[in-house]
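What follows is calculated from the coordinates using simple rules that are stated; it is not laboratory data. Fair warning: this is a prediction, and the values are worked out from it, not measured in the lab. Please note: Cβ atoms are built from the backbone with ideal geometry, for glycine as well, and neighbour counts cover all protein chains shown.
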Amino acid sequence: MIFKGFDQAAFATYSQEKWSSMVHNLARMKVKDAMLALCAQATAHLGDELQGLVRAASDDIPNITNHKRVDAQWVYWFRGPTERDSLASFLKATPLNEATIFNIAPQDKHATLAVIIREGEIWTGLRIASGALVDRRNLASKLAKPWERETLLALLAELPEGTELGLAGESHPITEITDADLAGVAERLVEDERAFIAGHRVAAQEVIELGDELSDHVGRWLGVLAPVYRFAAWSRDNDFIEAGKQIQEEKAAKRRQATSYHKGDKVRIIGGLFAGKLGIVESIDTKAQVKVRVGKMSVVVSGHDLTSA
């Protein structure tokens, strides 16, 4: 699909009275396709900037993961499956309350570089939701160091005019951001439930006037925002909370647990699709994966998801 621009109808798709209605699914699907086309064109030459990240899109149909309402359409980039798997145990520990229990979409758990269309605008930027605990703790620890705040201020100086940074509802133009402001963000990141954002918004009318040229602008914004994402998002090379060490210790514990079983042992599966089933150990590999015979079939499960029966 070739991106040809947006019209007023595309923005009207996200007016509040339509958020929870299934009647507008087709209209939302068309906007989603246009957003994917826009982002494909915008990032055609950003291979290096987005290397290692995967692209995804938010659901366009009301369901439990979006609280049964679609108030925007996201296309976003975030860490790949290997890093997501390594952080799974950290993110399972996300505090659950009435407001966050269904915040299980990837954009609610991981730092994202996103392009979002809402009723009145398109927003492009970095967003770290309250549920992205690893990224928020990592950024808070990093911004506690004066030299890291200096690095971020230098990155912000490269962003386009109009970009704002801060906690949602309390963001400020980057030209006004000071070292003290970043230190204040560091103090509140872990406990505050608002998303941390650094982004650039364009009003609907301006987007409509840009037509297909919007892809050039979005590509430029994503290109200069990518280093800010790399600065903020946790990775093995950007680890300020020793999460990497904890991941290795967790893997070692899983390997020790798996190797405590032997061929022929009777076990109970306590996690995953076959949780609760009894089985017999058939083999164990070096990655703590155990092959278990359940009835007439064999399944492979993590040693961490077994207990002696």
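Remarks
- Evaluated with a Cβ-only charge set (Lys, Arg +1; Asp, Glu -1), region 8-241 carries a dipole of roughly 820 debye about its Cα centre, given to the nearest 20.
- The charge dipole of region 139-209, taken about its Cα centre with unit charges on the Cβ of Lys, Arg, Asp and Glu (plus for the first two, minus for the last two), comes to roughly 240 debye.
- Over 26 Å [Cα-Cα, the chain], rounded percent: 54 percent
- Taking every C-alpha pair closer than 8 Å and separated by at least 6 residues, the mean separation divided by the residue count of region 8-241 gives a relative contact order of 23 percent.
- Furthest towards positive pole of dipole, Ala183, Ala56, Val202, structure part the chain, Cβ charges: Ala56
- Considering only Ile270, Gly125, Gly166, and ranking their Cα positions along the charge dipole of the chain that arises from unit charges at the beta-carbon of Lys, Arg, Asp and Glu, the one farthest toward the positive end is Ile270.
- Around Gly5: net Lys/Arg minus Asp/Glu count, Cβ-Cβ under 10 Å: -3
- Order of Phe78, Phe231 under a 10 Å beta carbon neighbour criterion, fewest first: Phe231, Phe78
- Helix-only [θ]222 nm of the chain, DSSP H runs n ≥ 4, -39500 (n - 2.57) each, per residue, nearest 500: -10500 deg cm²/dmol
- Flagged links, alpha-carbon separation over 23 Å, of Lys109/Lys145; Lys30/Lys68; Lys4/Lys68; Lys4/Lys32; Lys32/Lys109; Lys30/Lys109: Lys109/Lys145; Lys4/Lys68; Lys30/Lys109
- Tilt relative to the chain, helix 179-188 - C-alpha long axis, 0 to 90 degrees, to 10: 40 degrees
- Helix axis angle, 214-232 relative to the chain longest principal axis, alpha carbon, degrees: 50 degrees
- Measuring r between the beta carbons of Ala157 and Met29 and using R0 = 41 Å, the FRET efficiency lands at 0.55.
- Degrees separating the helix 243-258 axis from the principal Cα axis of the chain, which is the longest one: 30 degrees
- Leu50/Ser260 FRET efficiency (R0 41 Å; Cβ-Cβ; nearest 0.05): 0.45
- Among Arg28, Arg136, Arg236, the largest mean-square fluctuation in a Gaussian network model of the chain (Cα springs under 10 Å) belongs to Arg236.
- Among 160-166, 114-120, the order from most to least packed when residues are scored by Cβ within 10 Å on average: 114-120, 160-166
- Which of His45, His110, His304 has the fewest Cβ neighbours within 10 Å, and the rest in rising order: His45, His304, His110
- The slack in the chain from Glu282 to Ala57, taken as 0.36 nm per residue of separation less the alpha-carbon distance, amounts to 77.0 nm.
- Prolate/oblate/rounded call for region 1-86, Cα gyration tensor, a/c under 1.5 rounded: oblate
- Charge tally in the Cβ shell below 10 Å around Thr151, where Lys, Arg are +1 and Asp, Glu are -1, Thr151 excluded: +1
- Assuming charge only on the beta carbon of Lys and Arg (+1) and of Asp and Glu (-1), the dipole of region 263-309 about its Cα centre is about 160 debye to the nearest 20.
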